[in-house]
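Here is the structure we will look at.
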Amino acid sequence: MRYPIAIEPGDATHAYGVVVPDLPGCFSAGDTLDEAIEMAREGIELWLETQIDAGGGIPEPKAIAEHQANPEFANWIWAVVDVDPAIISDKAERVNITLPARVLRRIDEAAKSRHESRSGFLARAALATLRNEADKVGGK
């Protein structure tokens, strides 16, 4: 998944501040622009891991242009952090599944268009389905 990040420019005495608009409360910082982006990746992974452990869903990232329209981020630097949801799990487990070739091709195309691995795409899709089912049971 590719999450846009907003980076507040730093200077000689202030670090670069990072906000992940799609993930409420997810923020980070770094002394350099490169460090700020890398720290944002770690922050996103931790946020997603915490959300999954709590039984929550993973928000879909919005387009950078949508966030740039927010005056709160005027004059901020924008970047995109690519995170594979499959690596968030504390333990990877190999499974053997059988799917029609046509379905597998569609999965691979969808994963590629989102810059995800097949495993990451399937994990995200499964978690979204589980979240939707939980919302229906909970009356949301």
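The values are calculated or read from the model by the stated rules, or taken from the named source; none is laboratory data. No experiment lies behind these values; they were computed from the predicted model shown. Here the Cβ positions follow ideal geometry from the backbone for every residue, glycine too, while neighbour counts run over all protein chains shown.
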Matching residues in the range 37-56 - criterion: being in a helix (DSSP H, G or I) and surrounded by fewer than 16 Cβ atoms within 10 Å (Cβ to Cβ):
Glu38, Glu42, Leu46, Glu49, Thr50, Asp53
In the range 90-126, anything surrounded by 10 or more Cβ atoms within 10 Å (Cβ to Cβ) and closer than 14 Å to Arg2 by Cα is listed as Ala110, Ala111, Lys112, Arg114, His115, Glu116, Ser117, Gly120, Phe121, Arg124
Filtering the range 57-72 for residues that are surrounded by 12 or more Cβ atoms within 10 Å (Cβ to Cβ) and either of a type in the set (D, E, K, R) or assigned to a helix (DSSP H, G or I) (or both) leaves a count of 5
So Ala29 passes all but one of these: (1) more than 27 Å from Ala128 (Cβ to Cβ); (2) assigned to a helix (DSSP H, G or I). Which condition number does it fail?
(2)
Hey, could you check the range 115-140 for residues that are farther than 12 Å from Ile58 by Cβ and not in a helix (DSSP H, G or I) and say which is modelled with the lowest pLDDT?
Lys140
